[in-house]
Amino acid sequence: MRVLILGGTREARDLAERATAEHGLEIVSSLAGRVREPVLPAGAVRVGGFGGVDGLREWLGGNDIDAVVDATHPFAGTMSAHASAAASVLGLPILHVRRPGWREDSDDRWLRVPDTAAAADTVVGLGNRIFLTIGRQEVGAFAALTTQWFLIRSIDPPTTALPPDHELLLARGPFAVDDEVRLLTERRIDALVTKDSGGELTSAKLAAARACRIPVVMIDRPPLPAGAIIVESAAAALNWLRVLADSAL
């Protein structure tokens, strides 16, 4: 059974490593190509976009794909929607892998918002020094805020407009809690803005915000397509593939 894994996450790499060693499964992982030096998964890899729903549908059909696993980032809503639509047209089974979101502690002060634009509106009243950890693609939503200073952390440099008063910090997780506390303290951060990505790789900033008693503007995940089949781990996704492969025999 030939499987396309839409990847870029730790869960996708874990699944690719497990599945490439599985008898009866042939795995191709796809990366969006938005990170200059991505961590590559095991097995065959393609890099780059598909050209929307039609392009993905043509690629799936032209490459004899039997099943699709969407293990993209929880905020890759457009890709998830395209994958669901393309698989539906071709009658292919599709599974969505989504790690659990973060949970608010009793000592946290989280302000949940639906999207980045709402986050930009919210930080106006939260102080003068804001820490953005939302990746590089959506920081432009804060570009019009001229009275605050922003610490912007991302893996690669943003290509959008940036707030006029900012510091750019290029770094890749995981991060230690003590280091995050030091960063918040030394930069005199008043509020943190992040996405509800879940996982342990970058969760230290939340513990640091709790320790420093600063508010967190938490951007909610985009919804998955209606009727989506969802699991939370690579192990569960592999079990789904095993059942699917057995039923095809």
Exercise for the section: Provide the gained length on full extension for the span Arg213 to Asn239, in nm with one decimal, where the gain is 0.36 nm per separating residue minus the Cα-Cα distance. Expected result: 5.2 nm
Exercise for the section: Select from the range 28-86 those trypsin sites (Lys or Arg not before Pro) which occupy a DSSP coil region and have at most 15 other Cβ atoms within 10 Å, ordered by residue number. Expected result: Arg36
Problem - Computed lengthening from Glu22 to Asn63, 0.36 nm per intervening residue step minus Cα-Cα distance - result: 12.8 nm
Handout entry: For the range 106-135 and the range 52-104, distance of Cα centres in Å
Key = 30
Problem - For Ile152, solvent-accessible area (1.4 Å; no DNA, RNA or ligand), Å² - result: 0
Exercise for the section: Rank-order 164-172, 182-190 by packing density, defined as the average count of other C-beta atoms within 10 Å over each peptide's residues, highest first. Expected result: 182-190, 164-172
Practice task
Kindly report the accessible area of the range 100-174 per residue (heavy atoms of protein chains, probe 1.4 Å, no ligands, DNA or RNA), in Å².
Solution key: 51
Fill in the blank from the handout: Result for the range 23-78: accessible area per residue, probe 1.4 angstrom, in square angstrom, of 51
Exercise for the section: Between the alpha-carbon centers of the range 2-36 and the range 159-210, tell me the distance in whole angstrom. Expected result: 28
Practice task
For the range 47-190, count the residues as N, evaluate 2.2 N^0.38 Å, and divide the Cα radius of gyration by that value, please.
Solution key: 1.32
Exercise for the section: For Arg46 and Ala171, calculate 0.36 nm times their separation in residues minus their Cα-Cα distance, and state this gained length in nm to one decimal. Expected result: 42.5 nm
Handout entry: With every protein chain in place, the chain: carbon and sulfur % of accessible area (1.4 Å)
Key = 50
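The values are calculated or read from the model by the stated rules, or taken from the named source; none is laboratory data. Not measured: the values here are computed from a predicted model. Every residue, glycine among them, receives a Cβ derived from its backbone with ideal geometry; neighbour counts consider all protein chains shown. Just the protein is used for accessible areas: all its heavy atoms, side chains included, with ligands, DNA and RNA removed. Shrake-Rupley method; radii C 1.70, N 1.55, O 1.52, S 1.80 Å.
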